[in-house]
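Structure record follows, encoded as structure tokens.
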Amino acid sequence: MDVVELALDVRILGSELLLSSPNLRALDAIGVADDVVAAGVPISSVQFHTADGTEIANVPTPSVAREGLPPAVGITRHAFYGQLYDAAVAAGAKIAHETTVQEISDADNGVEVRLTDGRVSLYDLVVGADGWASTVRKLRFPKANLPQYAGQCVWRGRVPRNGERPLKEGSLRGYAGANHSAGLITVNDKHSYIFCLVSQPKPDRLDESTFMDTFKGLLEEFGGEAGWARDNLEEGTISLAALHHHVMDKPWHDGRVILIGDAAHTTTPHIGYGAGLAVEDAVVLGEMLGSSEDLAATLDEFVARRYERCKLVVDNSTQISRWQQGLDGEPAQAELTNQTWTALAEPM
Ligand SMILES: Cc1cc2nc3c(=O)[nH]c(=O)nc-3n(C[C@H](O)[C@H](O)[C@H](O)COP(=O)(O)OP(=O)(O)OC[C@H]3O[C@@H](n4cnc5c(N)ncnc54)[C@H](O)[C@@H]3O)c2cc1C
């Protein structure tokens, strides 16, 4: 299997992850859950706070994975991708960096792919797992409906765990402010990560030199650990991203080309399950291809099996985002989050 990756390596700073139980279950199906858990920090509950840091609820994170695995894990993207990368290489994947797909064309007995490094090869299947701005989607599905700006941006930054006031381990902490929502999650023995969701009609284009002051200003209303984290943000780790959402209309495949993960369905992070869906897509597709005798029928079945589950996460995450923007009436974030977790406990 050949993999082409546009990035130089898997290092990504400042944007970390919660891997929840259905995601750990999917990772377990390909034998990597234990290594991923060891590279992160176990999380067992979500604690909700008012802006001043007063705890108002502590909701245990639901567990659907094998006994011995924690209900969830906080982890850096670097550590998570590193584990998956090593497992892929050990399984025989050949990964070329700073390379992408230039042309995809159907051939008699396969699909011919021209890469930017000059290689032209024939494959049984091309899997476009290249994220929300997918090049494979652009090349092969030029008329597909595209991800749209969701009305919120997210600020993120890293804070030390071993500072003046060590942060708690084992929970994701949410803070509801009058103006913005913030969250704090421990991702390894040295760091936590704080994020803040900001509703705005259009994404900002700001100079990076202003990031620290702007982020601190947005976090001004928060006290408790969120306030401590604001005052201890690490220089050079702040990032800003506009949130997008979409579910591509079916089918997600055309001949011997299929899209998975964010390329097919991009979600805002309000349920924290975009990476979960991407992992599930890959695991389910791998399992189905392993026993397939008819590629076209298998790809049809794959999309039929995945579509509603992915749409549920995207739709419910979008709804929570809209409530945070003051849209669609009385918010019921906790209920909708619970309903979504109950649905995700079903087999992937
Ligand atoms: C702020 C934020 C917080 C989030 N938090 C969580 C969370 O806590 N838990 C969770 O489950 N999900 C979370 N998500 C969602 C999650 O990040 C995505 O759903 C997930 O990363 C999608 O995985 P993917 O592999 O489909 O795409 P990506 O992670 O985008 O990976 C695509 C890969 O393809 C490469 N690539 C891109 N273009 C090309 C090209 N042309 N050629 C070759 N390679 C290319 C990229 O470099 C990248 O390595 C969050 C998202 C955001 C925005």
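The values are calculated or read from the model by the stated rules, or taken from the named source; none is laboratory data. Worth saying up front: this structure is predicted, and the values here are computed from it rather than measured. Here the Cβ is made from the backbone with ideal geometry for all residues, glycine too, and neighbour counts use every protein chain on show.
Results, tabulated for the structure shown:
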quantity	calculated
Contacts under 7 angstrom Cβ, first residue in the stretch 330-348 being under 15 Å from Pro60 (Cα atoms), partner of a type outside the set (A, V, I, L, M) and part of a loop (DSSP other than H, G, I, E, B), 6 or more apart	Trp341/Pro62; Ala345/Pro62
Qualifying residue in the stretch 231-247 (condition: among the hydroxyl-bearing types (Ser, Thr, Tyr) and within 16 Å of the ligand (Cβ to nearest atom))	yes
Subset tally (residues that are in a loop (DSSP other than H, G, I, E, B) and more than 8 Å from the ligand (Cβ to nearest atom)) for the stretch 252-263	3
Any pair with Cβ under 7 angstrom, 6 or more apart, that starts in the stretch 143-155 at a residue that is farther than 18 Å from Gly183 by Cα and ends at one that is of a type in the set (Val, Ile, Thr)	Pro147/Thr266; Ala150/Thr268; Ala150/Thr318
Residue within the stretch 270-293 that is over 19 Å from Pro22 (Cβ atoms), buried (at least 22 other Cβ atoms within 10 Å of the Cβ) and of a type outside the set (Gly, Ala, Ser) present	no
Strands (runs of 3 or more DSSP E) completely within the stretch 145-226 that count 1 or more residues being under 19 Å from the mean Cα position of the chain (by Cα) and of a type in the set (D, E, K, R)	148-160, 171-176
Any hit, the stretch 295-310, residues being within 16 Å of the ligand (Cβ to nearest atom), modelled with pLDDT of 95 or more and out of contact with any strand residue (DSSP E or B) (no Cβ under 8 Å at 6 or more places or on another chain)	yes
Residues of the stretch 264-294 satisfying the condition of being part of a loop (DSSP other than H, G, I, E, B) and within 9 Å of the ligand (Cβ to nearest atom)	Ala264, Thr267, Thr268, Pro269, Ile271, Gly272, Tyr273
Filtered residue count, the stretch 49-63, keeping only those that are surrounded by 15 or more Cβ atoms within 10 Å (Cβ to Cβ), more than 15 Å from Ile271 (Cβ to Cβ) and in contact with a Phe, Trp or Tyr (Cβ under 9 Å, 6 or more places away or on another chain)	4
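The rows are residues; the columns are (1) of a type in the set (Lys, Arg); (2) more than 20 Å from the chain's Cα centre (by Cα); (3) under 29 Å from His180 (Cβ atoms).
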{"site": "Leu27", "(1), (2), (3)": "no, no, no"}
{"site": "Val36", "(1), (2), (3)": "no, no, no"}
{"site": "Gly40", "(1), (2), (3)": "no, no, yes"}
{"site": "Asn58", "(1), (2), (3)": "no, yes, yes"}
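Here's the yes/no breakdown for (1) of a type outside the set (Asp, Glu); (2) at pLDDT 95 or above:
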| site | (1), (2) |
| --- | --- |
| Asp124 | no, yes |
| Val127 | yes, yes |
| Ser134 | yes, yes |
| Gln152 | yes, yes |
| Arg165 | yes, no |
